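Reviewing the structure listed below.
Each reported figure results from applying straightforward, stated rules to the coordinates on display, with no laboratory input. Not measured: the values here are computed from a predicted model. Here the Cβ is made from the backbone with ideal geometry for all residues, glycine too, and neighbour counts use every protein chain on show.
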Amino acid sequence: MDQAVLVDPDVDKGAEGGHIGDHALQLHARLKIRQLLDAFAQAHPDRVFDVGSGVVATFRRLTISNGNITGGDGGGIRNRGTIALLQQSAVVANQASGAGGGIYSWSSSLWLQQSSVEENHAGGAGGGVHLTGAGSVLTIEESAVVGNTSGIYGGGIGMTNTNGVIRNST
């Protein structure tokens, strides 16, 4: 049975694994998320999801928006897990002062299927997506990465020491 998470921005900070309010939702175990999510209230700026080491995270049919991290990477999602998979999802209007305004993926793989990464901004590299770390792979299929900006390079996608495959995407 899959676990599902629906985040209400009015929920107080929770126990480990689900910090809500002025902290990101931190994933420490395998979790599939299949509900609509419209990030945290802008009154509590932080990234939306923080995928921990060794985690395989699946985001399906989600809108991840309004994440805003200062002094860090990944406004919408920071992925330090094994794999993050986004299917039929949108990562929209997130910001990071560092890299990966929408999604930052470090030493892990990222796979976008029928998803969009739009209107995100990073002060560093990769306004929409930034992938870094040896052995990391970015796969984008039937998806759109549009309207993202960065302060350094890779307005849409920034990659360092990684491999990528893009198919039928814009």
*Mind ordering 55-64, 114-123, 137-146, 93-102 by average Cβ neighbours within 10 Å, highest first?*
93-102, 114-123, 55-64, 137-146
_³J(HN,Hα), Karplus 6.51/-1.76/1.60, whole Hz, each residue of the range 88-98, x for Gly, Pro_ = 6, 10, 10, 10, 9, 6, 9, 9, 9, 6, x
_Between Asn163 and Thr63, what is 0.36 nm times their sequence separation minus the Cα-Cα distance? Round to one decimal in nm._
33.4 nm
*Amide hydrogen neighbours beyond the local backbone of Gly72, cut-off 5 Å, H modeled*: Ser97, Gly98
*Output the Cα-based Rg and Dmax of the range 65-170 in Å, rounding Rg to one decimal and Dmax to a whole number.*
11.6, 35
